[in-house]
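Values quoted throughout were computed directly from the atomic coordinates according to the rules given, and no laboratory measurement underlies them. The model shown is predicted, which means the values in this text are computed figures rather than measured ones. Cβ placement follows ideal geometry from the backbone for every residue including glycine, while neighbour counts extend to all protein chains displayed.
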Amino acid sequence: MSSAGQQAADPHPVVDDDGVRWLRQPGSANWRNLVLLVSVLSGFAVLVSLLHAPAPRTEPSAARGLPAVPADPPVPISTRGPPESVPPPVPTVAGPEPADPSLPPQWQPTTATADDWPSSDLNDIARYISPADPEPTAAELIHALRQTGEYGGIAAFNPPGTSPPLVGIAVPEDFELPPGYVRHYQSTDDGQPIEAILMYAPEHRFYDADGNEIEIPEDRVVPADRLPAGLLPRAVEIPAAD
Amino acid sequence: MNYTMRKAVRTLLPAALLLGLGLQAQANTLNQNVSWTVDRSGTSTKYRVVAYGDSIYAGYNGSVSNAARYAAPTVDSEYLSALWNADIESIRRAKSGAVAQDVYQNKIVGERSYMQASSTRVVTFEMCGNDGLQARSSFKSQTGTCNYSVLNNALNSCKTYVAAGMDYINANAHPNTRLKVISNLYYPGYNADNVQSSCRDATTGQTVNMRTTFLPVLAKMNYWMCEYARQKGFKCADSFAQYMGADHDGNGDGQIDAEALRYVAGESEASYVNRISNTLRPTLRDANFKFVSSSTSYDYIQSDDVHPTYSGTTMTAGIWGGSSGTGAPRYSSFSGGKSPIWNRFGHERMGWALSVYNPATP
């Protein structure tokens, strides 16, 4: 599926070494600091309310039968989804979506399929972002949704960086591990492999020369001053994002 | 509200736009659709693998505009390309953040045309992860007396729409379809959930351990994914076992830990849940540390502690739309049915788990 519905279609697509035909996307600016959002939150409440589109003429799917977002501080999701006794679902398919007079002509959905941009799915965030908008990071989007009181959908995801790659001492592939140690491999969120680091094996116990048990770090990463003989204390570098 | 003012606000105050999302339409999901054709040299015959799902099958990687090229269904497509000596078109129709009902309604049903092409040979889906995530978030925020209904509701919805999804695929996928397979769920945040609740159990008056509370619910979801698969002619890729158990015998019971965790066809729900939640509980490990041997582990989970890791590049998928492309397979032969990286990344492992069910011929 191509993103041919976008306004800024690239007439000269690039074909990379893998044979992938890339359609250039509109340039995106850097995302503004959301601290500005929080500080002017109340001041724009009225302005935001003016953006409120007319209610959709149809509710294509019961998937969006979520409680209305409260205006007060976020409340946790109490119960969502169907009750315990769930009637058999009846498949429905939305008909062609009528034009929305609040949207400019170039943003009017032309068909009912999810192939087209902007998305005809009312619950698709992409529907509300134009090519002229700067691209948010996932963390910013998750944070912004939660600020509105929304904790479902992608707002239920942790933001990237919640559990970052562990930093430790590199273990060369040809280094023979003594008992009780582990070679641990990680990767970045953009698919780059990270060199293996040295860790303690779980449930393995280490003792000093006097027979006293050595306490190991909670994260099991072997510190540079407690390496097995023959291993150089070279820290693994986490690759920068491409 | 005229267009000029809306445009000004959107341009100058993009954050306010996002505020508006919550007030207008509760938009909280993101369609991330990708089509990637594994183009095998020396053949022009092309078959199709259709995958429906949420952010897992989407290949979500913490970006709102792109996703992993080699997410699990496309990994499986690479295996299939070698097995059948054919080009394989991997079509992923996925919606990040979607609960089971949403995946069923807007993907399996709403986008059924993809599996109705005569070239379709494999249909796969996964769902329920977001039902679980949302239920977990809700439960964690509870104070006072614990209300377990949010967990039960998520379980019931999962069961309902897994069954409905299978029925719908059975009734609507092209008759040329040779394999229908579901992937069940690993437990994201297994270590992070080893904390006490804020709410108190009505019976004991004590707080409850989150992980101990959630694990049986997830086990029930996974049981019914595999049991419905058995009843309805699907295969079940046991991603829970693949991710959460070591590939060696860590507890000395004579079984590879990951194998021991697998769903057994014909066992009861009570039996399966007891095995996972009690008997074999000591063998479970957070998938951030998947042990492929006693001395080697791989991180199967991205830095958000939710989504699987992957190898390689990404494709446009998200707020600017989806994308399609074609390219040569990364690997053209597989020793023992496994690629050189079959156990090194979450998506590679899940894709391999799907591939073991690939029929020998199209």
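Each Lys and Arg adds +1 at its Cβ and each Asp and Glu adds -1 at its Cβ; summed about the Cα centre, region B:153-297 shows a dipole of about 380 debye. Among beta bridges identified by DSSP and lying wholly in chain B, the antiparallel ones come to about 40 percent. Treating r as the C-beta distance of A:E203 and B:V195 and R0 as 25 Å, the FRET efficiency rounds to 0.70.
Between B:N278 and B:D167, the distance separating the two model label sites (each 7 Å from Cα on the Cα→Cβ line) works out to 3.3 nm. Can you tally the net charge around B:V356? Count Lys and Arg as +1, Asp and Glu as -1, for every other residue whose Cβ sits under 12 Å from the Cβ of B:V356. Computed value for this residue: +2. Once the chain from B:T361 to B:T145 is taken as fully extended at 0.36 nm per residue, the excess over their C-alpha distance is 72.2 nm.
Note on B:K232 and B:E267: with the Förster distance fixed at 25 Å, the Cβ-Cβ geometry gives a FRET efficiency of about 0.90.
Protection proxy ranking of B:251-264, B:141-154, B:191-204, B:116-129, by the mean of other Cβ atoms within 10 Å over each peptide's residues and highest first, is B:116-129, B:141-154, B:251-264, B:191-204. The lysines within cross-link reach of B:K235, meaning a Cα-to-Cα straight distance under 27 Å and a gap of 8 or more places when in the same chain, are B:K46, B:K95, B:K107, B:K159, B:K180, B:K220, B:K290, B:K338. Rounded to the nearest 20, the Cβ-based charge dipole of chain B about its Cα centre (Lys and Arg +1, Asp and Glu -1) stands at 820 debye.
Extension gain for A:A235-A:D210 works out to 6.0 nm (0.36 nm per residue, less the C-alpha to C-alpha distance). Taking Lys and Arg as +1 and Asp and Glu as -1, the other residues whose beta-carbon sits under 10 Å from that of A:I194 total -3.
Taking other C-beta atoms within 10 angstrom as a stand-in for reagent exposure, B:T29, B:T213, B:T279 fall in the order B:T279, B:T213, B:T29, fewest first.
Once you sort the root eigenvalues of the Cα gyration tensor of region B:263-311 as a ≥ b ≥ c, which label holds: rounded (a/c under 1.5), prolate (a/b larger than b/c) or oblate (the other case)? Prolate shape, in that a/c is at least 1.5 and a/b is the bigger ratio.
Annotation: the antiparallel percentage among DSSP beta bridges lying fully within region B:46-204 is about 5.
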